[in-house]
Amino acid sequence: MKYIWCLIFSTIFILSSQAQSKSKLESVKVGVAPIISLGWNLYHWYQRPNNHEFSKVSGHRSAGQALNVLPSCRIGALIQFDTERLHHGLAWYSSFFLTIEGGIDYTPFSFDMDERKGQSAITFPVQVGSLIPFSGSALTLGLGVQFSRMEFNRNTVVYEDLKNPFFVTYFLELGIIPHEIDGGYSFLGGANFFVRVGLGDYEAVTINLGFRGFITFAPEGY
C-alpha cells in the first residue's frame, strides 16, 4: 500500500511541476470552511479478513444490506485555493478544492443471507479528497482508510463468545456533484453520488454505493 501512495504523490508532484514551468504564479488565496453531510447507503457489501475469529469458524463469508434507513454522518473542512497565473501576458484564474472528512455509518440490518451469525455493521471512514469542477458539475475523488465491524448485534450462540474486532481497509471513493461549485456563495448545499471501494490485508473488502447531501459555507475571507 505504501508504494501506491508514493506513486500517487509522485504523479501529483510531476504534474504540478510541469504546470508551473509553463506559467508564472502571481497569487494564491486560501480559504477554509466547515462541511457537514448526511448520506444514505443504497447498497454495501463487506468481507472481513480471512484470519478473523468469525472467518475461522464460519468460513470466509461476507455480509451486506440494501437501502439503509439510517443516515451516515460526516464532518470536516473544505479548503479552497484560488490561484492567478500569468501565461503569455494573460491572467488565468483557477480554483482547487480539498476536503478532509471523517464520519460514521451504521447499518442495523446488515447480515449474511446464507448463514445468520448476527446483524449490524458500523464503519468509520476517514478521507482526504478533492472537488474537480467540470462542465457545470463537479467530480469528487477521495483516498482514505475505513475501520469496519460486522455482525455484532444479536449473535447466535455459536458466535456470541467470539472476539469481533474492527478491521481496516484502504479505499478509493469516486463521485459526482451534479451542480456547479462556487466558493463565492455564503451558503451552499448539494448532493454527491458516490461509490467507495476498499481493500485490506487478508482479502478484506468493503464496498459502499450511495449519495450524500452536504452543507458548506463560503471559505473564511471570501
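The values are calculated or read from the model by the stated rules, or taken from the named source; none is laboratory data. All figures in this text were calculated on a predicted structure; none of them were measured in a lab. With ideal geometry, Cβ positions are generated from the backbone for all residues, glycine too; neighbour counts draw on all protein chains shown.
Answer yes or no: is there a residue in segment 166-186 that is among the polar types (S, T, N, Q), modelled with pLDDT under 90 and surrounded by 13 or more Cβ atoms within 10 Å (Cβ to Cβ).
No, the conditions are met nowhere in segment 166-186.
State which residue is surrounded by the fewest Cβ atoms within 10 Å (Cβ to Cβ) when the search covers only segment 98-142 and only residues that are on the phi > 0 side of the Ramachandran plot and outside any strand (DSSP E or B). Give the derivation first.
The first filter runs over segment 98-142 and keeps only residues on the phi > 0 side of the Ramachandran plot, leaving 118, 120, 135-136.
Keeping just the survivors that are outside any strand (DSSP E or B) gives 118, 135-136.
Details: Gly118: 21, Ser135: 7, Gly136: 9.
Out of the qualifying residues, it is Ser135.
Mind listing just one residue for me: the one in segment 145-160 that is surrounded by 20 or more Cβ atoms within 10 Å (Cβ to Cβ) and of a type outside the set (Asp, Glu) and, of those, farthest from Leu172 (Cα to Cα)?
This residue is Met150.
Could you count how many residues in segment 69-97 are modelled with pLDDT of 85 or more, more than 18 Å from Gln146 (Cα to Cα) and surrounded by 15 or more Cβ atoms within 10 Å (Cβ to Cβ)?
Of the residues in that region, 2 qualify.
Is at least one residue of segment 45-53 at pLDDT below 85 and over 21 Å from Val168 (Cβ atoms)?
no
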